[in-house]
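Note sheet for the following structure.
The values are calculated or read from the model by the stated rules, or taken from the named source; none is laboratory data. Keep in mind that this is a model prediction, so the values were computed, not measured. All Cβ positions, glycine included, derive from the backbone under ideal geometry; neighbour counts span all protein chains shown. These area figures cover heavy atoms from the full protein model, side chains too; ligands, DNA and RNA do not enter into them. Shrake-Rupley method; radii C 1.70, N 1.55, O 1.52, S 1.80 Å.
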Amino acid sequence: VQLQASGGGLVQPGGSLRLSCAVSGLTFGQYAVAWFRQVPGKERELVAGISRSGDTTDYADSVKGRFTIARDNAKNTAYLQMNSLKPEDTAVYYCAARRTYNRFWVPRDEYDYWGQGTLVTVSS
């Protein structure tokens, strides 16, 4: 099983980035997907999740209205569109998969598979 996160980079405050998570080695449509982020010295934070069919999503309060999670089951890929980025969004972003319909708002240790992380830096 492999989750390949990509799309991170350096962006100015107010800018946008789209992260991708390409998944292989499992039946993607049987897994909910989430994006977490982590900064040094802090816990890994769940920022967005999506059900296996894509009909249910949820977001941390800190990103609501700015981030959008989506998935394309035909392409085995999940996305995180990040708009109006702020310096406090700077972190390593990880995608994760959990075999469930829509119980994705759970602690990180309940996730089955993880990607390697992609760094997002928001700075002028």
* To do: Would you please give the FRET efficiency between Gln2 and Ser84, computed as 1/(1 + (r/R0)^6) with r the Cβ-Cβ distance and R0 = 25 Å, to the nearest 0.05?
  => 0.20
* To do: Sticking with the crude label model, points 7 Å out along Cα→Cβ, report the distance from Glu45 to Val106 in nm, one decimal please.
  => 2.3
* Accessible surface of the chain [probe 1.4 Å, protein heavy atoms]: carbon and sulfur percent -> 44
* Structure fact -> Taking alpha-carbon centroids only, region 66-88 lies from region 1-18 a number of Å equal to 9
* Residue separation times 0.36 nm, minus the C-alpha to C-alpha distance between Asp55 and Thr27: what's the value? -> 8.3 nm
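Report the equivalent ellipsoid semi-axes for the chain in whole Å, largest first, defined as the square roots of five times the eigenvalues of the gyration tensor built from alpha carbon atoms.
Numbers: eigenvalues 101, 39, 37 Å².
Ellipsoid half-lengths, sorted descending, are 22, 14, 14 Å.
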